[in-house]
Amino acid sequence: MWRRATKSSLFLRLLKPSKHNASLSQSSTNGFPFHIHTHTHFQEKHGIFSKEVAPFITFVLGGPGSGKGTQCAKIVETFGFNHLSAGDLLRREMDSDSEYGSMILNTIREGNIVPSEVTVKLILREMESSDNHKFLIDGFPRSEENRIAFEKISGVEPHMVLFFDCPEEEMVKRLLSRNQGRIDDNIDTIKNRLKVFEALNLPVVEYYAKRGKLYRINAVGTADEIFEQVRPAFEACEVAK
Ligand SMILES: Nc1ncnc2c1ncn2[C@@H]1O[C@H](COP(=O)(O)OP(=O)(O)OP(=O)(O)O)[C@@H](O)[C@H]1O
Ligand SMILES: O=c1ccn([C@@H]2O[C@H](COP(=O)(O)O)[C@@H](O)[C@H]2O)c(=O)[nH]1
Ligand SMILES: [Mg+2]
């Protein structure tokens, strides 16, 4: 069962650096097939989650409008993951009475990146309270700084990383016709989101490619066609099924 044993220490550790978050984890798997850690082995390696089963983490990356959210919904339906969209978590925090509300609003409106500690805290809070140990973390990490902060604070790494590779003109077309009332779906913000994606997010994609964890998907076609490229990544992996 995934629920944590004590309600404890995650946020204390987030606020207070300790030996648990001082160094990067070396325990990741390298590509397929994946394995699951046993309780003891996992806890020896990662102090932050007091769970019986290690989290199974898939990062879902791609430019703005590349179809991450659309494909995550299909993965959830087929493989039963918990979908955590970093953008949705930030929007929810913005709409609550949070001290970070106006900072998040301004950052999203500009198409820039919210400081890592805020986003990591929101993601880990969701992970801690989840009964499901299989997570799709959508739209994060946005930068190398995000990635390093997540690994340092949580002590865990993703098992695999999906990258939805989509031409810019297709992404712009999709975003401009999305019609969900998002403050960042306008051409000026979209231009900056694309710039930020290229400058800061692509290095993260390259990092995971070098580590043999990247699953590159051609994000042009119908949503169903694209999902047929996604499906084998999860089918190849016993733990994800
Ligand atoms: N394969 C596809 N073909 C055409 N339109 C698509 C496809 N997949 C998603 N869309 C549409 O494109 C828009 C953007 O998709 P989605 O919200 O899934 O992208 P995203 O990568 O999550 O974007 P963001 O980074 O802005 O959150 C939505 O209106 C969605 O319905
Ligand atoms: O890790 C993250 C994720 C998102 N943001 C900000 O939110 C918007 C919208 O994100 P979507 O993934 O498109 O929903 C993004 O442009 C960033 O401003 C972030 O800062 N960090
Ligand atoms: Mg999205």
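Only the coordinates and a few stated rules stand behind these numbers; no lab work does. Since the structure is predicted, the reported quantities are computational estimates derived from the model, not experimental observations. Cβ sites come from the backbone with ideal geometry, for glycine too, and all protein chains shown count toward neighbours.
Given the peptides 58-65, 146-153, arrange them by the average over their residues of other C-beta atoms within 10 Å, most packed first.
58-65, 146-153
The stretch 152-241: D in µm²/s via Stokes-Einstein (Kirkwood Rh, Cα pairs, 10 °C, 1.306 mPa s)?
104
For the peptides 103-110, 159-166, what is the packing order when you average, over each peptide's residues, the other Cβ atoms within 10 Å and list the highest mean first?
So the order, starting with the most tightly packed, is 159-166, 103-110.
Could you tally up the Lys pairs in the stretch 133-241 with alpha carbons closer than 30 Å? Skip any pair fewer than 8 positions apart unless they're on separate chains.
Lysine pair count for the stretch 133-241: 17.
How far apart, in nm, are the 7 Å Cα→Cβ label points at ARG211 and ILE148?
1.4
Read phi for every residue in the stretch 143-148 and hand back ³J(HN,Hα) as whole Hz from Karplus 6.51 cos²θ - 1.76 cosθ + 1.60, θ = phi - 60°, with x for Gly and Pro.
Once θ is set to phi - 60°, the couplings for the stretch 143-148 become 7, 4, 4, 4, 4, 5 Hz.
Go through the stretch 105-114 residue by residue and turn each phi into a ³J(HN,Hα) via Karplus (6.51, -1.76, 1.60, θ = phi - 60°); whole Hz please, and just put x for glycine and proline.
Each residue of the stretch 105-114 in turn: 4, 5, 5, 5, 4, 7, x, 9, 10, 5 Hz.
Can you tell me how much longer the chain between ASN179 and ASN106 gets when fully stretched, taken as 0.36 nm per residue apart minus their C-alpha distance, in nm with one decimal?
Fully extending the segment from ASN179 to ASN106 adds 24.2 nm.
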